[in-house]
1. Do any helices (runs of 4 or more DSSP H) entirely within the range 133-216 hold 1 or more residues that are at pLDDT below 85, and if so, which?
2. Do we have VAL71 as β-branched (Val, Ile, Thr) and modelled with pLDDT of 85 or more here?
3. Regarding the range 90-101, can at least one residue be identified that is assigned to a helix (DSSP H, G or I) and assigned by TED's automatic domain parsing to the domain that holds SER164?
4. Do you know which residues across the range 10-29 are free of Cβ contacts under 8 Å to residues at least 40 places away in the same chain and in a strand (DSSP E or B)?
5. Considering only the range 190-205, state which residues are closer than 27 Å to LYS154 by Cα and of a type in the set (D, E, K, R).
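The values are calculated or read from the model by the stated rules, or taken from the named source; none is laboratory data. Please read these numbers as outputs of a predicted model, since none were measured by experiment. When we count neighbours, we look across all protein chains shown, and the Cβ atoms used for this are built from the backbone with ideal geometry, even at glycine.
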Amino acid sequence: MMNYDKLHGIVMEVQKKQYIILTNEGDFKRVNRTKGYMPEVGEEVTISENDVVEKKQLITSVPHIIKLIAVAFLIVIVINIFSARSTEASYAIILKINPSVEVIVNRDLSVLEVNPLNQEAEQLLQTIEEEDVTLYDFSNQFIQQSITSGYLNKEGTIASVIVSLNDKNISFEQDFRNELTSRLAVESVQADIKIKQLSEDTYNTLKENPEQIYSW
């Protein structure tokens, strides 16, 4: 049985029985569409060379090619914009039980970076998954591991500060409080939750001494 090479590319145009892709090598290929499959413009696909229409049937219209190149250019721009947004730091949060951590998140509250602020946090972070998690996922793990490690008992305090790093409105404070409350209920812990929004300047000062959080 003959083995065909795989081609990777982006869908540029969808027609009734075929669609056109721009391969990673920069070539336009017209592909036979399989029954029941409807690709979307901008979708990344992997196809078999066996599905590619013969070269004599490929695109010959210069205006058509120019149009597809323009579409490809726009798709690349959009992808780059969304990629930049997903890695842009939007908020910083300090979580303090006894271990104290700084959590940097993007506009969707996906965790970009976690920094321990004391030795206890350095040890605790070794037991916590930090990649591909949201602020809420991380805070749940943080509370759970703090209880397991004996830093948070049946009663205690969880203190947190939230700061916007790019002047965006902080609209998730109540949701964050609700998430912390729910996790404490699951763990049967009645801890006091303190959350405060701070300016970036005040926040940078506070990071040097997170113990001050308890003095609110």
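1. Details: elements: 135-148, 173-186, 200-207.
Because the criterion is at least 1 residues that are at pLDDT below 85, the helices (runs of 4 or more DSSP H) in the range 133-216 that meet it are 200-207.
2. Numbers: β-branched (Val, Ile, Thr): yes; modelled with pLDDT of 85 or more: no.
Here the answer is no, as VAL71 does not meet what is asked.
3. no
4. Passing the criteria: VAL11, VAL14, GLN18, TYR19, ILE21, THR23, LYS29.
5. In the first step, residues of the range 190-205 are kept if they are closer than 27 Å to LYS154 by Cα; the result is 190-197.
Hits for the range 190-205 are ASP192, LYS194, LYS196.
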